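Encoded as structure tokens, the structure appears first; notes follow it.
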Amino acid sequence: MGELFWIFISALLVNNFVLAYFLGICPFLGVSNKLETSFRLGLANIFVMLITAVCAWVLNTLILPYAPYLRLISFIIVIASTVQFVEMAIKKMSPELFRALGIFLPLITTNCAILGLALFATNKGYDLLESLVYALGAGGGVTLAFVLMAGIREESKILDIPKIVEGTALSLIIAGVLSLTFMGFAGMFSSN
Amino acid sequence: MQASQTSDRHRIAEEFLKGLWNDNPVFVMVLGMCPVLAVSNTAINSLAMGLSTMFVLVFSSLLVSTFRKLIPSQVRITTFIIIIATFVTLVDMLLAAHFPFIHKELGAFISLIVVNCVILGRQEAFSSKNAPKYALADALGVSAGFVFALFCLGSIREILGNGTFFNLPLFGANFEPWVIMILPPGGFFSLGFLLLLFNRIKQKRDAAKSQLKAAASWKQNRYTTEYVTEKDEVDL
């Protein structure tokens, strides 16, 4: 139990996918302007990550021992097509959920955070339960980063900002400060 | 014939230069940020990452552009990804066999070249619509721009964060390295400030251009008014 808890906390805060591993930077810098949208994007991310974790574990234990060189290709294709299937299923079964996650699902699938999750979880040799907890933590961390960033950007709209800093440069500098803050969580592990 | 050949060569050169500077994938289009920030903590790492990306981009562009008429448009993205993933697997194995220390440093980020939006973006926007020679020029230009940007960032971060360049010490023993620069926040900060610098250059260039334009239009106005008065005089 303790082991699972630390996997979760580590993926959520200390090794935050966005702020420490730089995965999923594109949506982080590009899309997150509204709090509501980025929260939904984060939820969709958690969802796809959970599916990915299962796919990656199944592929890695059942098929890849026979053909290790197919790892990357099979991860991408299997994850992308599974997400498409799940998207269709949700559309049929629960239109409300589809509307909430909706357009983000196909976009997220080719995001580096998703492939990164599959690669890291299999590199670390997690079993199914550990992979799921890892995916939950990583997805939560991504959501946290998106929501924080969107909140700051919403506030910064009403501030008087020099024209030269506007846009990506400002987002990157804000991200730097956020990342600096999250480095503080690294202390949680050295004390244990 | 001669003229079309020179214009052809001209276009190839244009496609190459466009990616290198005006449409630089990192500084102008802000694409492919994950590897740019993640592995640019030393000059060697960033160069290795840049060259691996170059290899993948050039070969997948060539392949996509050669088979562009055979790829059905409904499954083009999937096809592009499979082609890219094949070359990335190749690079991954090559590095693991010949440069194990670099492979260990870069780790999973080599595999993550697959999802670099610069590569998929070039296939979708350019290679799938143009002949192989233009696709090659475009891929070389864009990847040279990418290598250039990564190398800039990697050098800055290594020099400030470690006081070394390609592992050679630059400063005396009294230099206190800015450790933060080789840690994750340093990546965000250095890229942010480089983009600021680029914005500044662009702003200055735009200002100069509009000044030039204003001067030119003033001159032209004067010329036309003079012309009109002369003509009026003649008429009179």
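The values are calculated or read from the model by the stated rules, or taken from the named source; none is laboratory data. Here the structure is a predicted model, which means the values were calculated and not measured. Neighbour counts run over all protein chains shown; Cβ positions are idealised from the backbone, glycine included.
Quick grid of which residues meet (1) within 14 Å of another protein chain (Cβ to nearest Cβ); (2) over 12 Å from the mean Cα position of the chain (by Cα):
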| residue | (1), (2) |
| --- | --- |
| A:Tyr21 | yes, no |
| A:Val48 | yes, no |
| A:Ala56 | yes, yes |
| A:Leu62 | no, yes |
| A:Ala67 | yes, yes |
| A:Ser74 | yes, yes |
| A:Val78 | yes, yes |
| A:Glu87 | no, yes |
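Name the single residue, out of those in segment B:3-33 being buried (at least 18 other Cβ atoms within 10 Å of the Cβ) and within 14 Å of chain A (Cβ to nearest Cβ), that is farthest from the chain's Cα centre (by Cα).
Taking the candidates together, the pick is B:Met33.
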Take segment A:129-185 and flag every residue that is more than 13 Å from chain B (Cβ to nearest Cβ) and of a type in the set (Phe, Trp, Tyr).
A:Tyr134, A:Phe146
Being assigned to a helix (DSSP H, G or I) and more than 16 Å from A:Gly139 (Cα to Cα) is the filter here, so list the residues in segment A:20-54 that pass it.
A:Leu29, A:Gly30, A:Leu35, A:Glu36
Does segment A:31-58 hold any residues that are without any contact (Cβ under 8 Å) to a residue 60 or more places away in the chain and under 21 Å from A:Lys124 (Cα atoms), and which are they?
A:Ile51, A:Val58
Among what's in segment B:77-97 and is more than 10 Å from chain A (Cβ to nearest Cβ) and over 16 Å from A:Tyr69 (Cα atoms), pick the residue that is farthest from the chain's Cα centre (by Cα).
B:Thr79
Positions within segment B:160-187 being away from chain A (no Cβ under 14 Å), under 27 Å from A:Val14 (Cα atoms) and touching a residue at least 60 places away in the same chain (Cβ under 8 Å), in sequence order
B:Asn162
Out of the residues in segment A:170-192 that are small (Gly, Ala, Ser) and at pLDDT below 85, state the one that is farthest from B:Met33 (Cα to Cα).
A:Ser191
Could you identify the single residue in A:Leu50, A:Leu41, A:Leu62 that is of a type in the set (A, V, I, L, M, F, W, C) and either at pLDDT below 80 or crowded, with 22+ Cβ neighbours inside 10 Å (or both)?
A:Leu41
Would you pick out the residues in segment A:141-192 that are among the hydroxyl-bearing types (Ser, Thr, Tyr) and in a helix (DSSP H, G or I)?
A:Thr143, A:Ser156, A:Thr168, A:Ser171, A:Ser179, A:Thr181, A:Ser190
If I filter segment B:95-114 for residues that are in contact with an Asp or Glu (Cβ under 7 Å, 6 or more places away or on another chain), among the β-branched types (Val, Ile, Thr) and either in a helix (DSSP H, G or I) or farther than 21 Å from A:Ile79 by Cα (or both), do I get at least one hit?
yes
Residue check, B:Lys69 against (1) in contact (Cβ under 8 Å) with a residue 24 or more places away in the chain; (2) outside any helix (DSSP H, G or I); (3) more than 21 Å from B:Phe99 (Cα to Cα), all met but one. Which one?
(1)
Working only within segment B:98-130, note down all residues that are within 13 Å of another protein chain (Cβ to nearest Cβ), among the charged types (D, E, K, R) and over 13 Å from B:Ile81 (Cβ atoms).
B:Lys104
